[in-house]
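*Asks:* Please see the structure below; I have some questions.
Values in this text are rule-based calculations from the coordinates and carry no lab data. Worth saying up front: this structure is predicted, and the values here are computed from it rather than measured.
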């Protein structure tokens, strides 16, 4: 798996039916690094997830 040496950022997405969130890890050759998880959603400081919302076109026809 030589392509793994080219990976610089690993992203985890949790796309849930009610709440969603993400985390990322920046690969650094000199350091183990930190896993970063977003905890600053608008109006929800300190929460790791936010409400899952889908937006559709108003004129969508099946």
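*Asks:* Quick check: residue separation of residue 54 and residue 18 times 0.36 nm, minus the Cα distance between them. What number comes out in nm? Intermediate results must be reported in sequence, preceding the final value.
*Replies:* Numbers: separation 36, 0.36 × 36 = 12.96 nm, distance 1.07 nm.
Working it through step by step, the gained length comes to 11.9 nm.
*Asks:* Roughly speaking, what is the stretch gain from residue 6 to residue 35, that is 0.36 nm per residue apart minus the C-alpha to C-alpha distance, in nm to one decimal? Let's see the in-between values first.
*Replies:* On the way: separation 29, 0.36 × 29 = 10.44 nm, distance 1.84 nm.
The span from residue 6 to residue 35 would gain 8.6 nm if fully extended.
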